[in-house]
Structures are given as structure tokens and as C-alpha cells.
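Enquirer: Below you'll find the structure I mean.
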Amino acid sequence: MEALQQLVEQHDGIALKLNWITLHSRKEESAADLVEFREGKLVAFLGLYPFGNTLEVCGMVHPAYRRQGIFTSLLQRGLNSATVVSYSTILLNAPGNSDTAKPFLAAYPCRFDFSEYQMKYAEDPTSVRVESSPNGVQVTLRQAEGMDRPLLSRFDQEGFGLTAEETKQFYDPLTEEEIRQNELLVYEGEAVGKIRVSRRNQEAWIYGFVVSASRRGQGIGGTVLRQIVDRERAGGFDVWLEVALNNPNAMKLYEQAGFRVCRSQDYYAFLR
């Protein structure tokens with residue numbers, strides 16, 4: 001799959017979002033990925049990624065095997081009637097600059113929903129470096145534990161508009177090790193937010209970053225971003241994150257912290 005991804009990206013000049021962290025952590029019995037082989041060679045892949053009541057879909061086809069109906073067949077298998085009725089929202093994801101995905105999606109029963117920027121930290125050598133604790137704000141990071149499931153759920157509800165049931169469905173099945181991949185933001189002795197950093201191929205990706213609504217505007221977000229950037233860069237990682245275009249407050253925070261837009265991903269809502 002990694003070899004096919006590299007081939008497709010080089011051929012098309014794009015960056016696919018295949019959620020490798022999720023793929024590597026999938027349990028055998030819960031895997032929801034579809035593949036197509038021709039003469040013993042992997043030529044297509046379709047990934048289905050459940051997030052509460054939302055299902056995200058992304059895939060790829062070897063350039064030499066396109067226009068043969070392979071991807072359409074994978075979608076028909078993946079988005080069968082049982083799957084479709086299980087989710088309130090189904091989103092098809094494609095790189096914003098993909099010249100092959102756009103005409104395919106234009107003819108598929110879906111409509112453009114929103115875009116998401118992928119941003120990379122790029123320190124400007126001419127700028128004045130912001131310290132890890134600007135304005136004296138002191139925030140520490142604590143690894144989450146199993147007992148923190150209610151806190152993690154509440155922060156996701158505040159930050160991403162998820163329902164209590166959606167967050168319960170997400171966090172309840174997680175193992176203790178998976179819960180510990182999250183870190184809690186502690187300010188003045190109180191957990192005021194959460195963040196998760198996933199590392200792969202010398203890239204550290206920030207996910208699920210939330211500051212409690214009652215604590216925003218106090219410099220906590222900027223302080224935590226600087227701590228994460230310093231920590232991950234010291235470990236030799238480039239630091240990345242994602243932000244929806246309809247979230248201008250988050251975009252402003254990330255730009256002030258030194259992140260710059262490198263590419264985008266488009267999301268299309270599946271029409272039932």
C-alpha cells in the first residue's frame with residue numbers, strides 16, 4: 001500500500017490522506033479496507049474511517065489501471081446499503097489539486113462540502129522567536145489515562161461539535177495504550193484541553209487539539225503549540241496539523257505560531 005501510494009502521488013503530483021495512524025492501529029476483526037489485485041499486484045485501495053456518526057472515505061488506483069471501473073466497484077462494495085444507513089454523514093476525501101479525483105467526483109452522487117488545509121511549521125529565521133510560555137502563561141502536558149475518558153469526551157464535544165453519544169462510541173472501545181496517546185493541557189491545576197501527536201516517517205501530526213471554551217483567549221493554545229513544536233523538532237520531526245477553512249480562529253492561532261499552508265484536502269458529502 002505504501003509503494004502504491006508513493007507511485008500515485010509521484011504520478012499525480014498530489015498528497016493522499018490515507019490516515020496511516022488509523023490503518024496501523026486497526027484491529028484485525030474491525031478492518032474496513034478494500035483492495036483490488038490484478039495478476040498478484042495491488043492496484044487499488046479504498047479506506048473507510050469511522051469517526052462517531054461520520055464515515056470518511058479515501059482511496060487510490062494505480063495509474064495504469066484507471067478508467068476500468070475499479071474504483072467505482074470498490075465504492076459500491078464499501079458504501080453498501082448496510083454501511084450507508086449506519087452513518088449520518090459520509091464524506092469522500094480527495095487532494096485539493098487532484099486532476100483525476102475532481103472529474104470522478106463531479107459525476108458521482110456527492111456534493112462539495114468543505115476544504116481542509118494541511119499546515120507545516122516553518123520557522124521564519126527573520127522573526128523574533130516566541131517563548132514557550134508567552135505572557136507568563138504556564139501550561140503543562142499530562143498523559144491521559146483511562147479515567148480521563150469523560151474529560152476527553154467533553155473536550156471533543158466542545159471543540160468539534162460532537163454529541164455525547166458520538167464521543168462515547170469513540171472513546172469506550174479504546175485500550176489504555178490508545179487513551180495514553182492523548183495529552184491533557186493542565187493550567188492552574190485544572191485540565192483545560194487536550195491534544196494528540198502522532199509520529200510517522202519523521203513527521204509529527206497534531207490532532208484533536210482543543211482548549212476549553214471557558215479558557216480560550218488566555219494564551220493557552222499558543223503556549224501549548226510552542227511546547228509541542230519545540231519537543232517534536234528536538235526529536236527530529238517536522239510538525240504538521242490540519243485545520244478546516246471554516247475555522248478562522250484556529251487558522252489565525254496556527255499562523256501566529258509559525259505554521260504555513262502547504263496543501264489542501266477537499267471533502268464531498270455522499271448523497272443518498
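Enquirer: Name every residue in the range 73-95 that is of a type outside the set (Lys, Arg), more than 23 Å from the chain's Cα centre (by Cα) and loosely packed, with under 13 Cβ neighbours inside 10 Å, in order of residue number.
Expert: Gln76, Asn80, Ser81, Ala82, Val85
Enquirer: Now, a different point. Looking at the range 43-62, can you tell me whether even one residue there is farther than 24 Å from Glu177 by Cβ, of a type in the set (A, V, I, L, M) and surrounded by fewer than 18 Cβ atoms within 10 Å (Cβ to Cβ)?
Expert: The answer is no, given that none of the residues of the range 43-62 is farther than 24 Å from Glu177 by Cβ, of a type in the set (A, V, I, L, M) and surrounded by fewer than 18 Cβ atoms within 10 Å (Cβ to Cβ).
Enquirer: For Leu42, state whether it is of a type in the set (A, V, I, L, M), more than 18 Å from Ala101 (Cα to Cα) and at pLDDT 95 or above.
Expert: yes
Enquirer: Moving on. Give Ala244, Ala164, Ala269, Ala204 a once-over and let me know the one that is closer than 30 Å to Ala107 by Cβ, in the same structural domain as Glu145 (by TED's automatic domain parsing) and touching a Ser or Thr at 6+ places or on another chain (Cβ under 8 Å).
Expert: Going through Ala244, Ala164, Ala269, Ala204 in turn, just one is closer than 30 Å to Ala107 by Cβ, in the same structural domain as Glu145 (by TED's automatic domain parsing) and touching a Ser or Thr at 6+ places or on another chain (Cβ under 8 Å): Ala244.
Enquirer: Here's something else I'd like to know. With in contact (Cβ under 8 Å) with a residue 24 or more places away in the chain, farther than 23 Å from Arg263 by Cα and not in a helix (DSSP H, G or I) as the only criterion, which of Glu36, Glu116, Glu56 stands out?
Expert: The unique qualifying residue is Glu36.
Enquirer: Hey, another quick one. Quick one: in the range 102-113, which of the residues that are touching a helix residue (DSSP H, G or I) at 6+ places or on another chain (Cβ under 9 Å) and outside any strand (DSSP E or B) is nearest to Asp12 (Cα to Cα)?
Expert: Among them, the one singled out is Phe104.
The values are calculated or read from the model by the stated rules, or taken from the named source; none is laboratory data. All of these numbers come straight from a predicted model, not from anything done at the bench. Cβ coordinates were reconstructed from backbone atoms using ideal geometry, including for glycine residues, and neighbour counts include every protein chain displayed.
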